[in-house]
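Asker: My structure is below; once you've seen it, I'll send some questions.
The values are calculated or read from the model by the stated rules, or taken from the named source; none is laboratory data. This is a predicted model, so every value here is computed, not measured. FYI the Cβ positions are ideal-geometry reconstructions off the backbone, even for glycines, and counts take in every protein chain you see. Side chains included, ligands, DNA and RNA excluded: accessible areas come from the protein's heavy atoms. Shrake-Rupley method; radii C 1.70, N 1.55, O 1.52, S 1.80 Å.
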Amino acid sequence: MTEDRREQVRPFLRAGEHLVAVCAYELGPGVPTPPEDLLPPADPSSLHRRIEAKLPKPLAQLVRTRVIDPRRSRPAAAAAVDRLPDAVDQLGTRLMHGKSMEGGWESTAGRFLISRAGARGSVTGVLAVTDRRWFGLTDVSHLWQSTPVMKEYWEAPRSAVAAVRARPTGVLQRGRMDLEFTDGSWVALLASVPAQAVPFAEAAAHYR
């Protein structure tokens, strides 16, 4: 557990909450991307808000409607065609690296991925476990910002996570961790520093 990750997590701890373990991670190869229609709209930028504030009220309301939201107004058939190459890539990745997720989008694993994608942060996330709960952070800073701006995108009680299995049987990915939930769903993660996968999993398991 590096000190810089501790510093990123510390502001999100609640009064009296004890940090058990933290690990920087990325999603494993082949983990599916949630459909756009399951994600919340992106937060408007400060520039967008300033422009909208100067518009006449009827026009500003029109801008905020779903009619001109390109994510929502796109024909479903066109979106499906665009996803075909991704489906082929995912099949090849699964053949090479094994299964990367269990459960649908309504499962705990699915909701984890939806929350993560909805935060629209960096590829690398931070997963933390305390004596009370699990939670995930992502960097939502802009390219011109030199200091990370961390945002909590997901949390769950400790009872929602069944285990973190480092180096699961049958896969060769360095730093692989399967985050397993008590509803039977799970998702594959990769520790950003592969050597930290086992200590993180052991620390989380030791506290159970």
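Asker: Identify all residues within segment 101-123 that are assigned to a loop (DSSP other than H, G, I, E, B) and modelled with pLDDT of 95 or more; write none if there are none. Steps first, answer last, please.
Answerer: To start, the set of residues in segment 101-123 that are assigned to a loop (DSSP other than H, G, I, E, B) comprises 103-107, 120-123.
Within segment 101-123, Gly103, Gly104, Trp105, Glu106, Ser107 meet the criteria.
Asker: Which residue is surrounded by the fewest Cβ atoms within 10 Å (Cβ to Cβ), if the candidates are limited to segment 176-194 and must be free of Cβ contacts under 8 Å to residues at least 60 places away in the same chain and within 18 Å of the chain's Cα centre (by Cα)?
Answerer: So the residue we want is Glu180.
Asker: Hey, could you check segment 112-140 for residues that are open to solvent by 30 Å² or more (accessible area, probe 1.4 Å) and of a type in the set (Ser, Thr, Tyr) and say which is nearest to Glu202 (Cα to Cα)?
Answerer: Thr124
Asker: Anything in segment 1-29 that is closer than 21 Å to Leu113 by Cα and part of a strand (DSSP E or B)? List them, or say none.
Answerer: Once the filter is applied, which keeps residues that are closer than 21 Å to Leu113 by Cα and part of a strand (DSSP E or B), segment 1-29 yields Ala21, Val22, Cys23, Ala24, Tyr25, Glu26, Leu27.
Asker: Anything in segment 156-175 that is open to solvent by 70 Å² or more (accessible area, probe 1.4 Å) and of a type outside the set (A, V, I, L, M)? List them, or say none. Can you show your working first?
Answerer: Taking segment 156-175 and keeping what is open to solvent by 70 Å² or more (accessible area, probe 1.4 Å), we get 157, 159, 165, 167, 169-170, 172, 174.
Within segment 156-175, Pro157, Ser159, Arg165, Arg167, Thr169, Gly170, Arg174 qualify.
Asker: What do you reckon, is Ser146 over 13 Å from Phe12 (Cα atoms) and either free of Cβ contacts under 8 Å to residues at least 24 places away in the same chain or of a type in the set (Lys, Arg) (or both)?
Answerer: yes
Asker: Have a look at Leu137, Leu127 and point out the one that is outside any helix (DSSP H, G or I), at pLDDT 95 or above and in contact with a Lys or Arg (Cβ under 8 Å, 6 or more places away or on another chain).
Answerer: The unique qualifying residue is Leu137.
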